[in-house]
Amino acid sequence: MPSRALRPSSVALVLASFTAATVAACGGGSSVDGASTGGPAAGSGNGAAGKAGAAGNAGSSGAGAKAGSAGAAAKAGSSGWGGATGGKAGSAGVGGAKAGNGGAGGATAGTGGAGGAKAGNAGAGGIAGMAGKGGGAGATAGSAGSAGAVQDQVISLVVIPATGTIDVVNGVGAPLQLAAKPVYKSGNVGAPVPDAVWSIKPGDRASVDANGKVQATGAIGGDATVTATWKGMSGSALVTIKLHTTDTEPSITPADKAALDGATTPDSAKWIYPYDKTVFPRGILAPELMWSAASAGDKMSVSIQGPYVDLKEYFVTSAPNHVLAPDLWSKATESGKGGPVTIKVARIAGGSGPATLVMSQTWTLASGSMRGTVYYWSNNLGRVVRIKAGASTPDDFLAAAGVNDGCTTCHTVSANGTVLVLGGGKATGDSAAIVFELLGNSL
């Protein structure tokens with residue numbers, strides 16, 4: 001408000017409006033030659049306090065020499081006599097000798113949060129300055145309220161834990177519990193959300209329920225990606241399934257197993273087949289393991305170790321050959337995406353004595369299945385046989401066609417797979433067959 005002097009009639013009107021309580025609080029005083037003496041005069045404020053950040057009320061006017069203290073400020077948003085809200089107020093005196101400094105009115109308005117945070121109360125009035133002609137009137141505007149806290153914003157979804165392993169021991173594995181949690185812009189991670197939608201790929205090695213619990217099937221090892229989706233956001237975790245499977249014949253004792261597992265001394269028997277570094281596709285039968293010597297009642301072990309499998313078979317045999325259990329071979333070849341595995345064969349000759357290491361090799365398991373047909377020489381039959389991908393037994397097709405007049409070891413198959421070329425009796429004991437039509441199964 002602009003500064004102006006009050007008329008005497010205005011002073012009388014203002015004083016007449018004081019409440020009894022206000023008058024009782026005022027002190028008397030006199031002015032002599034413009035000097036101020038006596039007690040404090042009551043100040044008055046008559047503007048309604050605005051919201052946080054609004055301009056303060058006009059300054060009060062004081063009568064007498066020394067201006068009195070401003071009254072206590074009313075609460076923010078209310079109006080009342082005896083106090084001023086908002087910024088600093090100056091007072092104007094009547095009859096004073098010299099202009100006084102404006103006394104501090106109510107304290108600056110309290111801060112208010114955005115969206116309805118509460119406003120602070122105005123402070124109590126300060127001591128008014130010396131009264132005098134031309135005293136400054138008006139008030140400076142109160143400061144704007146500071147913004148209130150802004151709600152933290154969700155920016156992504158995370159699955160906890162991000163990685164995990166389920167060890168399946170002989171078909172039994174404890175489930176892995178996952179949780180989907182919101183991530184806020186501040187970096188804070190919230191509590192699990194109960195309504196996330198869960199999925200898993202591939203689904204042949206494990207499943208996930210509506211609550212994020214992952215359970216392995218026990219049939220195949222490998223990695224699976226579990227994904228949680230919530231309010232348009234998604235997070236994922238990588239779960240590894242590792243199979244620990246042991247097939248043990250009853251006559252093998254725990255002490256036998258420990259000895260075979262720890263064998264390092266080379267065995268006197270020589271390894272024959274398969275060869276080191278052999279690559280095996282999926283979808284074929286387990287290879288027949290062969291070595292050069294055996295004793296009656298040999299206790300033996302075969303182990304296959306890889307990133308997703310720990311497979312062991314303990315058995316008793318008197319023959320220098322063995323075919324892996326189909327279940328173990330399937331788990332070995334179907335788990336993961338292929339890659340190297342370590343194969344070891346150990347023996348306790350005759351079932352007693354120290355354990356020795358017959359073979360330790362590295363094989364590669366391919367990630368794809370074989371297509372077509374494999375032709376190979378069967379040494380126990382003395383002729384070529386064939387096996388198709390996925391078949392459980394080989395096809396003795398030459399014998400079925402009547403070619404049994406001798407050995408058919410030496411052979412080759414044409415590039416288009418339609419013709420088999422044989423030795424033609426060039427060597428003693430060989431069959432006289434030369435060309436065999438594979439499509440018609442005839443010479």
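The values are calculated or read from the model by the stated rules, or taken from the named source; none is laboratory data. Not measured: the values here are computed from a predicted model. For neighbour counting, all protein chains shown are included, and Cβ atoms are generated from backbone atoms with ideal geometry for every residue, glycine included. Just the protein is used for accessible areas: all its heavy atoms, side chains included, with ligands, DNA and RNA removed. Shrake-Rupley method; radii C 1.70, N 1.55, O 1.52, S 1.80 Å.
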(message) Under a Cβ-only charge scheme (Lys and Arg +1, Asp and Glu -1), can you give me the dipole magnitude of region 236-386 about the Cα centre, in debye to the nearest 20?
(response) 500
(message) Only four residue types carry charge here, +1 at the Cβ of Lys and Arg and -1 at the Cβ of Asp and Glu. Report the dipole size of region 179-239 about the Cα centre in Debye, rounded to the nearest 20.
(response) 200
(request) Between N211 and K337, take the C-beta separation as r, use R0 = 35 Å, and let me know the FRET efficiency to the nearest 0.05. (result) 0.75
(message) Calculate the FRET efficiency for T428 and S318 from the Cβ-Cβ distance with a Förster distance of 35 Å, rounded to the nearest 0.05.
(response) 0.60
(message) Counting pairwise Cα distances across region 331-443, what percent come out greater than 17 angstrom?
(response) 66
(request) Using a 1.4 Å probe over the heavy atoms of the protein chains, calculate the carbon and sulfur portion of the accessible area of region 234-282 as a whole percent. (result) 57
(request) Taking the Cα centre of region 172-291 as origin, work out the dipole magnitude from +1 charges on Lys and Arg Cβ and -1 charges on Asp and Glu Cβ, in debye rounded to 20. (result) 740
(request) Could you pull out the trypsin sites (Lys or Arg not before Pro) across region 340-443 that fall in loop regions by DSSP (anything but H, G, I, E, B) with no more than 15 other Cβ atoms inside 10 Å? (result) R371, K426
(request) Evaluate the Kirkwood expression for the hydrodynamic radius of region 240-369, namely the inverse of the mean inverse distance over all pairs of different C-alpha atoms, and round to one decimal in Å. (result) 14.8
(message) Projecting each Cα onto the charge dipole of region 198-322 (Lys/Arg +1, Asp/Glu -1 at the beta carbon, about the Cα centre), which of A259, I304, Y314 comes out farthest on the positive side?
(response) I304
(request) Wrap a convex hull around the Cα atoms of region 313-374, take a quarter of its surface area, and give that in square nanometres. (result) 5.5
(request) Rank these residues by their accessible area, most exposed first, probe 1.4 Å: W377, W271, W363. (result) W377, W271, W363
(request) Take the alpha carbon atoms of region 384-431, find their radius of gyration, then divide it by 2.2 N^0.38 Å using N residues; give the quotient. (result) 1.23
(message) Would any residue of region 190-214 have its amide N under 13 Å from a label point 7 Å out along Cα→Cβ of Q177? List them or say none.
(response) 192, 211-214
(request) Would you calculate the volume per residue, in Å³, of the smallest convex hull containing every Cα atom of region 168-238? (result) 89
(request) Obtain the radius of gyration and the Kirkwood radius of region 271-335 from its C-alpha atoms and give Rg over Rh. (result) 0.97
(message) Using a 1.4 angstrom probe on the protein heavy atoms only, could you order E437, E313, E334 from most to least accessible area?
(response) E437, E334, E313
